[in-house]
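Encoded as structure tokens, the structure appears first; notes follow it.
The values are calculated or read from the model by the stated rules, or taken from the named source; none is laboratory data. This one's a predicted model, so the numbers in the text were calculated from it and none came from an experiment. Note that we place each Cβ from the backbone using ideal geometry, even for glycine, and neighbour counts take in every protein chain shown. Ligands, DNA and RNA are stripped out before the accessible areas are found, and what is left, the full protein with its side chains, is counted by its heavy atoms. Shrake-Rupley method; radii C 1.70, N 1.55, O 1.52, S 1.80 Å.
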Amino acid sequence: MWPRPYALLPVLLLSAGAAGARAPDPLIGLINAFRAAPASCEGRPAPVQPPLSAPAALSQVRVGRGILLDVALERAGYRAREAEAISVSGTEDAAVVMGMIEQRYCTVLRSARFSAVGVVRSGSDWLIVLAQPAPPPASTLLPSQDEAGHLILAAVNRARAVERKCGARSFPAAGPLVWNGALAEAALVHSTDMAALRYLNHTGKDGRTAAERAIAAGYRWRTVAENIAAGQDTPEEVVQGWLDSPGHCANIMRDDLTEMGAGYAVNQARVPARIYWTQVFATPR
């Protein structure tokens, strides 16, 4: 999901283009020189801006009839938080192009919203793409399974340490849970299945329940419970989401549960990638 729409700004001149794309580095230099020089845009002073970087992917963007800029960026392998493009035809001279766009698109060219630029040229046709890269996906910043699980455990034990209302129910403070590797394995199995098959349910696609997954992992339980979630970016965020949900919060506060394991998995096919979380509580026999 993009914070704002992409924009393809209008063509300035029309003429038949020639084949043979090449990287017009001089135009990027002219754009950066324009950003660095004092100027005014639409009658108002425009602050000096730092130079734009020139990632190779932005010079591979191809926007044609019926192709949206965001799609073209994805195809070029560039993840953008925001982007705009200027299309120019009718000249093979970078300086002429700069003269054509520097006033009409002064605000865009000097915008602090953008930190990167790419230029695609085919004969007398030019496409200038200004962009701000998207931050790294949350899924690439996740800690290891063990670390994430213990961060969940710590957050849960902080929550259990004080009395709490879960919806209409009140719970007294409860003792801390202890980490259990078999429960963590059962949690990871379920998160992995949900991520791979893109669903969110306590019953797995194979028909197994949390209790059956715990047994399969080698855990013999007297009591078992499970919380699941999808879409949260960090262990702390997913625990807060569970605490904000009365049923999940009640599982966290149950004093008849003594051990816990947790695991996450990522569905990379979705853009942005979606993280699936599972937390399994139990008391052994």
(request) Of all residues in the range 58-103, count the ones that are in a helix (DSSP H, G or I) and polar (S, T, N, Q). (result) 2
(request) Select from the range 109-141 the residues that are out of contact with any Phe, Trp or Tyr (no Cβ under 8 Å at 6 or more places or on another chain), in a helix (DSSP H, G or I) and not hydroxyl-bearing (Ser, Thr, Tyr) and write down the one among them that is most open to solvent (accessible area, probe 1.4 Å). (result) 141
(message) I need a count of the residues in the range 26-71 that are at pLDDT below 90 and farther than 20 Å from residue 107 by Cβ.
(response) 9
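Take the range 89-100 and flag every residue that is hydrophobic (A, V, I, L, M, F, W, C) and surrounded by fewer than 23 Cβ atoms within 10 Å (Cβ to Cβ). I'd like the intermediate steps shown before the answer.
At the first step, the residues of the range 89-100 found to be hydrophobic (A, V, I, L, M, F, W, C) are 94-98, 100.
Within the range 89-100, 94, 95, 96, 98, 100 meet the criteria.
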(request) Looking at (1) of a type outside the set (A, V, I, L, M); (2) in a strand (DSSP E or B); (3) touching a Gly at 6+ places or on another chain (Cβ under 8 Å), find the lone condition where residue 255 falls short. (result) (2)
(request) Being under 24 Å from residue 48 (Cβ atoms) and of a type in the set (S, T, N, Q) is the filter; apply it to the range 82-122 and report the residue that is modelled with the lowest pLDDT. (result) 103
(request) Kindly provide the set of residues from the range 163-183 that are in contact with a Pro (Cβ under 9 Å, 6 or more places away or on another chain), in a loop (DSSP other than H, G, I, E, B) and over 22 Å from residue 143 (Cβ atoms), ordered by number. (result) 163, 167, 168
(request) Just one of (1) surrounded by fewer than 19 Cβ atoms within 10 Å (Cβ to Cβ); (2) in contact with a strand residue (DSSP E or B) (Cβ under 7 Å, 6 or more places away or on another chain) trips up residue 68, so point out which. (result) (2)
(request) Considering only residues that are surrounded by fewer than 22 Cβ atoms within 10 Å (Cβ to Cβ) and more than 17 Å from residue 137 (Cβ to Cβ), look in the range 72-81 and name the one that is modelled with the highest pLDDT. (result) 76
(message) If I go through the range 209-229 residue by residue, how many of them are surrounded by fewer than 20 Cβ atoms within 10 Å (Cβ to Cβ) and either touching a residue at least 12 places away in the same chain (Cβ under 8 Å) or in contact with a Leu (Cβ under 6 Å, 6 or more places away or on another chain) (or both)?
(response) 7
(request) Go through the range 266-285 and give me each residue that's assigned to a strand (DSSP E or B), within 17 Å of residue 136 (Cβ to Cβ) and either in contact with a His (Cβ under 9 Å, 6 or more places away or on another chain) or open to solvent by 60 Å² or more (accessible area, probe 1.4 Å) (or both). (result) 274
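Okay, residues lined up against (1) under 30 Å from residue 74 (Cβ atoms); (2) in contact (Cβ under 8 Å) with a residue 40 or more places away in the chain:
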position: 207; (1), (2): no, no
position: 235; (1), (2): yes, yes
position: 249; (1), (2): no, yes
position: 254; (1), (2): no, yes
position: 264; (1), (2): yes, yes
position: 267; (1), (2): yes, yes
(request) List the number of the failed condition for residue 84; all other conditions in (1) open to solvent by 20 Å² or more (accessible area, probe 1.4 Å); (2) in contact (Cβ under 8 Å) with a residue 40 or more places away in the chain; (3) charged (D, E, K, R) hold. (result) (1)
(request) Provide a single number: the residues in the range 198-233 that are in a loop (DSSP other than H, G, I, E, B) and either over 19 Å from residue 179 (Cα atoms) or among the hydrophobic types (A, V, I, L, M, F, W, C) (or both). (result) 16
(message) Regarding the range 184-197, can at least one residue be identified that is assigned to a loop (DSSP other than H, G, I, E, B) and either open to solvent by 30 Å² or more (accessible area, probe 1.4 Å) or not aromatic (Phe, Trp, Tyr) (or both)?
(response) no
